[in-house]
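The values are calculated or read from the model by the stated rules, or taken from the named source; none is laboratory data. Not measured: the values here are computed from a predicted model. Cβ sites come from the backbone with ideal geometry, for glycine too, and all protein chains shown count toward neighbours. Side chains are part of the model used for accessible areas, which takes the heavy atoms of the whole protein and leaves out ligands, DNA and RNA. Shrake-Rupley method; radii C 1.70, N 1.55, O 1.52, S 1.80 Å.
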Amino acid sequence: MNKKEIHVISVSGGKDSAALAIYLKEKYPNREFEYLFFDTEEELEETYKYLNELESRLGIKVRREYPAKSFKELLLEHNDYLPSPTERWCTRKMKLETFMKIMKEYADCTVYNYVGIRADENRQGLIPTEENIITVMPFKDDGITLDDVKRILNDSGLGLPKYYEPIKDEKYDIEYFRSRSGCYFCFFMRQIEWVWLYEKHPDEFKKAMEFEKSGYSWIQDMPLSELIKPANIDKIKISYKRMEEIKKKQQIKNGTMFQEMDFMSKHDKMIDDMEKDQLCTMCTL
Ligand code: SF4
């Protein structure tokens, strides 16, 4: 007997997974999809609003799932040791385990797990090894790039998540925004994104600051209480401006030269490196 087929799209509150949901609904209007969102309960309000908007525009229901333990409980279990790019227990405990719990419901089915990695990206994401789960990357298969994703979102009327709306700082002549979905305290943020959080969501920034205990900080050698000192914000904004100017002049074609830019913080260089291939699809698509 043929196994029942289940089609799963995990949406993160980010642009790529939202575009994927729209794209697949248009491509396969008669196919039934299960939309999943792994809510860490530490998300930005923009993320929740974006998901609500996605639901109403597509006429779908996104199933919200929560981790067995809250971030606070997990942090306590980890003796206040904050997650980091190299010790990424947060994604495993708060998203991956939740995903696998749901997959157990479908143990007797063939699950098509659709992932929004684009054709212009060079990364794999996390691919479950269970035999009944088949990972499908429609954007890669169909040559969908970042420009296509933006077009899909614009055409649908959904647009980009609101955290992409930049803060304009005329003093420095810069615009900056948050570039990813996920927890408001995500350590994958560059320093300018932490400044964005401080200015746009001071309450969330304060909560992130309160998680820094026992000498652990979200950014190595830069506790958030230090980051918000005017002299450091000044330095971060100047560094960001220089980097943006260089990008605009197209003096760099890829990330490698960032490593040689001594004005960039160690933290931002590391994030650039990680971003090339290690950012997991569960948090950032
Ligand atoms: S968004 Fe960042 S902090 Fe949250 S689970 Fe993912 S990697 Fe961890």
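Brief remarks on what is shown
- Per-bin percent of Cα-Cα distances, the chain [5 Å]: 1, 5, 11, 15, 18, 17, 14, 10, 6, 2, 1, 0, 0, 0
- Rg over Rh [alpha-carbon atoms, Kirkwood Rh] for the stretch 5-162: 0.97
- In the chain, excluding the sites themselves, the longest stretch lacking any of the trypsin sites (Lys or Arg not before Pro) that are in a DSSP loop with at most 12 other Cβ atoms within 10 Å is 62-170.
- Residue-normalised accessible area of the stretch 5-162, expressed per residue, 1.4 Å probe, Å²: 48
- D_trans [Stokes-Einstein, Kirkwood Rh over alpha-carbon pairs] for the stretch 105-185, 20 °C, 1.002 mPa s, µm² s⁻¹: 136
- Across the protein chains, with a 1.4 Å probe defining accessible surface, the residues Asp169, Asp142 rank Asp142, Asp169 from largest area downward.
- For a modelled paramagnetic label at Glu41, 7 Å from Cα along Cα-to-Cβ, the residues of the stretch 49-70 in reach, with backbone nitrogen under 11 Å, are 66-70.
- Estimated [θ] at 222 nm from DSSP helical runs (n ≥ 4, -39500 (n - 2.57)) normalised by residues in the chain, nearest 500: -11500 deg cm²/dmol
- Percent carbon-and-sulfur accessible area, the chain, ignoring ligands, DNA and RNA, probe 1.4 Å: 48
- Rounded tilt (10° steps) of 191-200 against the dominant C-alpha axis of the chain: 80
- For Glu34, distant residues with modelled amide H under 5 Å away: His7, Val8, Ile9
- Compared with the dominant principal axis of the Cα atoms in the chain, helix 146-156 is inclined by about 70°.
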